[in-house]
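Participant: Pasting a structure here, questions to come.
The values are calculated or read from the model by the stated rules, or taken from the named source; none is laboratory data. This structure is a prediction, so every number in the text was calculated from the model and none was measured. Every residue, glycine as well, gets a Cβ built from its backbone with ideal geometry; the counts of neighbours run over all protein chains shown.
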Amino acid sequence: MIIPESKYRQIIACLPILCVDIVIEVNGLYLLVKRNNAPKKGRWWVPGGRIHKGESAVSAVKRKAMEETGLSIHHVKPLGYYEGVFRNSSFDKTHGGYHAISIVFACKASLKGISLDDQSSGWKLDSLPGDFKIRYFIEGKQICQRSKKR
């Protein structure tokens, strides 16, 4: 179900949006795309986007990777999450902020046949952006393991 844009503007004015961010590693570097849309317009960032209702997070990762880069990914594993509140989005610049919570996934891919959609104007392999602050799940896993030992 596609939400009409006017209704979606109301939703993002009131609620955080659940997304996925995709960390595609190739030989120790990461695939970054130059964003055409807010938030992060004009910046190098990882591919990703919203999770649809009824869609699993892993399915969203595979869909967004294919839509945005044309890549078929494999070895998909959850890393952690990234949370951001942005002044604007591509939908509305007046509501006072866009709150996104992204589940961050690591995966592998061959870059053969990379094909960007209209959300990006270029791609490169580089280190992750400095403000892409992943809160790793492994910390919680370590806490659980310590609790079991007691």
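Participant: Any residue at all in the stretch 86-104 that's among the aliphatic types (A, V, I, L, M), modelled with pLDDT under 95 and at negative phi?
Facilitator: Yes: one or more hits.
Per-residue answers, yes or no, for (1) polar (S, T, N, Q); (2) over 14 Å from the mean Cα position of the chain (by Cα); (3) under 19 Å from residue 135 (Cβ atoms):
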{"site": "20", "(1), (2), (3)": "no, no, yes"}
{"site": "28", "(1), (2), (3)": "no, yes, no"}
{"site": "47", "(1), (2), (3)": "no, no, no"}
{"site": "50", "(1), (2), (3)": "no, no, no"}
{"site": "66", "(1), (2), (3)": "no, no, no"}
{"site": "69", "(1), (2), (3)": "yes, no, no"}
{"site": "72", "(1), (2), (3)": "yes, yes, no"}
{"site": "82", "(1), (2), (3)": "no, no, yes"}
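Participant: Please enumerate the residues belonging to the stretch 123-150 that are at pLDDT 95 or above and either acidic (Asp, Glu) or at positive phi (or both).
Facilitator: 126, the sole residue that qualifies.
Participant: Any residue at all in the stretch 37-45 that is at pLDDT below 95 and more than 25 Å from residue 127 (Cα to Cα)?
Facilitator: No: zero hits.
Participant: Where residues in the stretch 105-122 are modelled with pLDDT of 95 or more and of a type in the set (Ser, Thr, Tyr), which of them is surrounded by the most Cβ atoms within 10 Å (Cβ to Cβ)?
Facilitator: 120
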